[in-house]
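Below: one structure, written as structure tokens.
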Amino acid sequence: MNYKLLADTAMLAGEIMLVSGAETYRVEDTMSRILKISGLERTEAFVTPTGIFLCLDDTGIDGISLVKRVDNRVTNISYIFETNNVSRNLCSGVMSVEEAYLELKSIKTRNQYSNFLIYPCTVIGSSAFTILLGGDLLNSVIAGVNGGFIVLVTILTMKLKINTFIKNLTASVLIALNSMLFLHYLSGAIQLDALIGGSIMPLLPGVAITNAIRDTLQGDYMSGGARAIESFVLAASSAVGIGIGIALYSLLAGGINL
């Protein structure tokens, strides 16, 4: 067996899952199952929210250790499912190590959802959540405009390679300013709580919070704590951005009663 290729396959599977938003314990479990088909004495996988470590060792081979740094994470449940599926096929003998590695490479490079789909869905999400929170059609339309600001800021921050905290902060400031502007001119028709609450929903780290809880319940306190802090920072950036936007508009408008 090509142990180096097996280690690379396990590392690639772990990277795809961690980048796609999988829980730390799930990533470790998948990697461990892949490594154990080697039949070697020592197979270890250790995962944190920002790094992956694995080791293959036995008296008959030179030890193999790999480290992978993970900087960016998104949410893509489909990639997690597909990677788990490859792992199951590999461990059950349906797929060879070479086939599994090529399939994982294909999953990693595949662009499942284009920006032409993601960006309109962001706008629709802001509008739909506003209705869900009790807003009417007018407020839903305005929330859609706010969703457009999220898309605009996302495009700019991707080009400038700015982190998610600044992206959420900037988008929230624009959402607050736009919402306050409509409140000024259509005060009787604007439901500010529903409008702002629905508009920022695409920015909130719901999956990250869930994963933080699940990692903690699995006993992985380091990863659970790190994810919880990350979630809090991202949620706080949106809250701070809304506060800055409202304060800035109030300052520019010479004071306004909410």
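The values are calculated or read from the model by the stated rules, or taken from the named source; none is laboratory data. Just so it is clear, the model here is predicted, and its values are computed rather than measured. Here the Cβ is made from the backbone with ideal geometry for all residues, glycine too, and neighbour counts use every protein chain on show. Protein only, heavy atoms only, side chains kept; ligands, DNA and RNA dropped before computing areas. Shrake-Rupley method; radii C 1.70, N 1.55, O 1.52, S 1.80 Å.
Structure summary
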read-out: Percent of C-alpha pairs per 10 Å bin, the stretch 1-118, short to long; value: 14, 48, 30, 7, 1, 0
read-out: The chain, accessible surface, carbon-and-sulfur percent (1.4 angstrom probe); value: 62
read-out: Acute angle (nearest 10 degrees) that the helix 115-132 long axis makes with the longest principal axis of the chain, alpha-carbon atoms; value: 60
read-out: Charge dipole (the stretch 130-258, unit charges on Cβ, about Cα centre) - positive-most of Ala247, Phe232, Leu152; value: Leu152
read-out: Pairwise label distance in nanometres, Leu248 with Ile166, each label 7 Å out on the Cα-Cβ vector; value: 1.5
read-out: Degrees, to the nearest 10: 24-36 long Cα axis against longest axis of the chain; value: 20
read-out: Of Lys4/Lys68; Lys4/Lys36; Lys36/Lys105; Lys4/Lys105, pairs whose Cα-Cα distance is over 18 Å; value: Lys36/Lys105
read-out: Square roots of 5 times each gyration tensor eigenvalue, C-alpha, the stretch 124-168, largest first, Å; value: 26, 9, 6
read-out: Acute angle (nearest 10 degrees) that the helix 164-185 long axis makes with the longest principal axis of the chain, alpha-carbon atoms; value: 20
read-out: Over the stretch 88-156, equivalent-ellipsoid semi-axes from the Cα gyration tensor in Å; value: 41, 15, 7
read-out: Solvent-accessible heavy-atom area per residue, rounded to whole Å², over the chain at 1.4 Å; value: 52
read-out: Principal axis dimensions, the stretch 109-258 - Cα atoms, whole angstrom, descending; value: 51, 33, 32
read-out: More than 27 Å apart - percent of Cα-Cα pairs taken over the chain; value: 48
read-out: Karplus-derived HN-Hα couplings along the stretch 49-63 (A = 6.51, B = -1.76, C = 1.60, θ = phi - 60°), whole Hz, x at Gly and Pro; value: x, 10, x, 10, 10, 9, 8, 10, 8, 6, 5, x, 9, 6, x
read-out: Rg(Cα) / (2.2 N^0.38 Å) computed for the stretch 119-197, rounded to two decimals; value: 1.09
read-out: Label-point separation, Val74 to Leu132 (7 Å along Cα→Cβ), nm; value: 2.1
read-out: Residues of the stretch 36-54 with amide N under 18 Å of a point placed 7 Å along Cα→Cβ from Lys4; value: 38, 54
read-out: Chain lengthening between Met222 and Tyr185 when straightened (0.36 nm per residue, less Cα-Cα); value: 8.4 nm
read-out: Residue-by-residue Karplus 3J(HN,Hα) for the stretch 148-158, coefficients 6.51, -1.76, 1.60, Hz, glycine and proline x; value: x, 5, 4, 4, 4, 5, 4, 4, 5, 5, 5
read-out: Spherically averaged projected area of the stretch 173-236 from its Cα convex hull (nm²); value: 4.7
read-out: Rotationally averaged projected area of the stretch 68-191 (alpha carbon convex hull; nm²); value: 10.3
read-out: Helical contribution to [θ] at 222 nm, DSSP H n ≥ 4, -39,500 (n - 2.57), averaged over the chain, rounded to 500; value: -22500 deg cm²/dmol
